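Before I ask anything, let me first share the structure, which is written out below as structure tokens.
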Amino acid sequence: MITNQGTGTRIDEVAAGIYRICTPLDVIPGGFTFNSYLIADDEPLLFHTGYRKIFPPTLEAIGKVVPAAKLRWIGGSHFEGDEYGALNDFLAAAPEATPFGTEIGVLTSLNDFASRPARGFEDGEEFSIGSRRMKWLYTPHVPHGWDCGILFDLSTKTLMCGDLFTQPGANLPPLTESEVLSASEGMRGMMDYYAHSMRTSAILEHLASLQPSVLACQHGSAYRGDGAALIRELATTIERGNAKLSEQPPVVTA
Ligand SMILES: [Fe+2]
Ligand SMILES: [Fe+2]
């Protein structure tokens with residue numbers, strides 16, 4: 001459902017009680033989408049605030065599902081403008097909401113930036129938001145950011161996977177059952193946005209072991225299908241690329 005004709009913001013349910021709020025922005029040729037995810041429960045949770053400049057249409061879209069003032073949890077994967085930019089606007093609109101992120105993110109950025117103290121979750125920590133339990137996974141440098149983490153809804157097996165599987169384009173369906181790896185690899189080829197961590201494969205395997213059935217990407221369509229298989233394919237593709245790089249002769253300097 002389009003909720004704002006001016007910005008093209010829309011909201012769609014991509015798993016039971018999980019809503020993708022999407023605003024397209026003209027930041028790269030062909031367009032790009034910025035998604036926040038609203039999880040409707042006794043303690044409604046918002047994952048990614050979006051940039052400050054898209055706060056009004058994001059707030060408007062949330063209001064189609066729950067009163068924004070009722071939000072209780074507001075967090076994101078890592079500290080960048082599209083993940084946390086509008087945090088303080090949301091904290092003002094939702095007086096009982098607690099900002100959250102990974103422990104190191106709270107230490108390095110959130111407790112300085114946020115207008116209220118933030119809650120830092122440790123790797124594997126679970127918390128309840130009413131009828132469902134959420135699990136926090138610490139994924140440092142995957143795809144980027146020392147403070148990077150990912151949120152998993154244990155009830156629907158939805159992985160709020162942040163910048164993993166980022167797909168370019170402005171007019172993508174809210175939810176797809178077609179693989180999103182080819183598109184996201186195209187994006188990774190165009191913009192080298194992955195940190196070159198030694199632990200990327202181990203972290204991706206940890207995420208795959210959760211057997212997610214929905215990958216709720218921050219940019220592009222959400223994917224419904226065998227999330228574990230797609231994550232393992234991503235890990236293999238990255239490893240193959242790294243092997244090729246290591247085969248290249250060293251750069252000789254005079
Ligand atoms: Fe990012
Ligand atoms: Fe992002």
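The values are calculated or read from the model by the stated rules, or taken from the named source; none is laboratory data. Source: prediction; values computed, not measured. Neighbour counts run over all protein chains shown; Cβ positions are idealised from the backbone, glycine included. Heavy atoms of the whole protein, side chains included, go into the accessibility calculation; ligands, DNA and RNA do not. Shrake-Rupley method; radii C 1.70, N 1.55, O 1.52, S 1.80 Å.
Going by the conditions given, is V214 away from ligand 2 (no atom under 16 Å from the Cβ), open to solvent by less than 20 Å² (accessible area, probe 1.4 Å) and touching a residue at least 40 places away in the same chain (Cβ under 8 Å)? Step through it out loud before you land on a result.
On the way: away from ligand 2 (no atom under 16 Å from the Cβ): yes; open to solvent by less than 20 Å² (accessible area, probe 1.4 Å): yes; touching a residue at least 40 places away in the same chain (Cβ under 8 Å): yes.
Considered against the rule, which asks whether it is away from ligand 2 (no atom under 16 Å from the Cβ), open to solvent by less than 20 Å² (accessible area, probe 1.4 Å) and touching a residue at least 40 places away in the same chain (Cβ under 8 Å), V214 comes out as yes.
Are any residues in region 125-138 farther than 20 Å from E80 by Cα and open to solvent by less than 30 Å² (accessible area, probe 1.4 Å), and if so, which ones?
At the first step, the residues of region 125-138 found to be farther than 20 Å from E80 by Cα are 125-135.
Within region 125-138, F127, I129, R132, M134 qualify.
Given region 62-136, what strands (runs of 3 or more DSSP E) lie entirely inside it while holding 1 or more residues that are of a type in the set (A, V, I, L, M)? It would help to see each step written out before you state the result.
Numbers: elements: 73-75, 98-102, 119-121, 126-128.
In region 62-136, the matching strands (runs of 3 or more DSSP E) lie at 73-75.
Out of all the residues in region 169-194, which are under 17 Å from R20 (Cβ atoms) and not in a helix (DSSP H, G or I)?
Our first condition is that a residue be under 17 Å from R20 (Cβ atoms); within region 169-194, this holds for 169-178, 180, 183-184.
G169, A170, N171, L172, P173, P174, L175, T176, E177, S178, V180, listed by residue number.
Here's a check for you: in region 35-55, which residue that is free of Cβ contacts under 8 Å to residues at least 40 places away in the same chain and open to solvent by 20 Å² or more (accessible area, probe 1.4 Å) is nearest to the chain's Cα centre (by Cα)?
Result: Y51.
OK, next. Just need a number here: residues in region 25-34 that are in contact (Cβ under 8 Å) with a residue 24 or more places away in the chain and either surrounded by fewer than 18 Cβ atoms within 10 Å (Cβ to Cβ) or acidic (D, E) (or both). Walk me through it before giving the result.
To start, the set of residues in region 25-34 that are in contact (Cβ under 8 Å) with a residue 24 or more places away in the chain comprises 25-26, 28, 30-34.
The next check asks that each one be either surrounded by fewer than 18 Cβ atoms within 10 Å (Cβ to Cβ) or acidic (D, E) (or both); those that pass are 25-26, 28, 30-31.
Selection size over region 25-34: 5.
Whether any residue in region 136-154 is over 15 Å from the mean Cα position of the chain (by Cα) and on the phi > 0 side of the Ramachandran plot is what I want to check.
no
Among the residues that make up region 62-75, is at least one of them buried (at least 18 other Cβ atoms within 10 Å of the Cβ) and within 15 Å of ligand 1 (Cβ to nearest atom)?
yes
Does region 141-154 contain at least one residue that is acidic (D, E) and farther than 19 Å from T33 by Cβ? So that I can check it myself, show each step before the final result.
In the first step, residues of region 141-154 are kept if they are acidic (D, E); the result is 147, 153.
Next, only the ones that are farther than 19 Å from T33 by Cβ stay: 147, 153.
Yes, region 141-154 contains at least one residue that is acidic (D, E) and farther than 19 Å from T33 by Cβ.
Here is a follow-up. Among the candidates S115, S109, which residue alone is open to solvent by 20 Å² or more (accessible area, probe 1.4 Å), under 25 Å from A195 (Cα atoms) and hydroxyl-bearing (S, T, Y)?
On the way: S115 fails: under 25 Å from A195 (Cα atoms).
Going through S115, S109 in turn, just one is open to solvent by 20 Å² or more (accessible area, probe 1.4 Å), under 25 Å from A195 (Cα atoms) and hydroxyl-bearing (S, T, Y): S109.
Where the second residue is open to solvent by 10 Å² or more (accessible area, probe 1.4 Å) and the first is of a type in the set (F, W, Y) and lies in region 145-164, which pairs have Cβ atoms under 7 Å and are six or more apart or on separate chains?
Short answer, once both residue conditions are applied: W146/I104; W146/P140; F152/K135; F152/L210.
Filtering region 224-248 down to residues that are open to solvent by less than 20 Å² (accessible area, probe 1.4 Å) and under 25 Å from S155 (Cα atoms), which residue is nearest to ligand 1 (Cβ to nearest atom)?
Step one: of region 224-248, the residues open to solvent by less than 20 Å² (accessible area, probe 1.4 Å) are 227-228, 230-231, 234-235, 238.
Checking the rest, the ones that are also under 25 Å from S155 (Cα atoms) come to 227-228, 230-231, 234.
Working: G227: 20, A228: 23, L230: 19, I231: 18, L234: 16 Å.
The extreme case among them is L234.
Which one of T166, T176, T156 is at pLDDT 95 or above and open to solvent by less than 10 Å² (accessible area, probe 1.4 Å)? Reasoning before the result, please.
Working: T176 fails: open to solvent by less than 10 Å² (accessible area, probe 1.4 Å); T156 fails: open to solvent by less than 10 Å² (accessible area, probe 1.4 Å).
That would be T166, the only listed residue that is at pLDDT 95 or above and open to solvent by less than 10 Å² (accessible area, probe 1.4 Å).
Pick out the one residue from T33, T49 that is in a strand (DSSP E or B) and within 13 Å of ligand 2 (Cβ to nearest atom).
Among T33, T49, only T33 is in a strand (DSSP E or B) and within 13 Å of ligand 2 (Cβ to nearest atom).
R20 fails exactly one of the following numbered conditions: (1) touching a residue at least 12 places away in the same chain (Cβ under 8 Å); (2) touching a Pro at 6+ places or on another chain (Cβ under 9 Å); (3) open to solvent by 10 Å² or more (accessible area, probe 1.4 Å). What is the number of that condition?
Failing condition for R20: (3).
Here is a further query. Just the residues that are touching a helix residue (DSSP H, G or I) at 6+ places or on another chain (Cβ under 6 Å), near ligand 1 (Cβ under 10 Å from one of its atoms) and either hydrophobic (A, V, I, L, M, F, W, C) or open to solvent by 10 Å² or more (accessible area, probe 1.4 Å) (or both), please, taken from region 76-94.
In the first step, residues of region 76-94 are kept if they are touching a helix residue (DSSP H, G or I) at 6+ places or on another chain (Cβ under 6 Å); the result is 76-77, 79, 85-86, 89, 93-94.
After this cut, where a residue has to be near ligand 1 (Cβ under 10 Å from one of its atoms) as well, the list is 76-77, 79.
Selection gives F79 alone.
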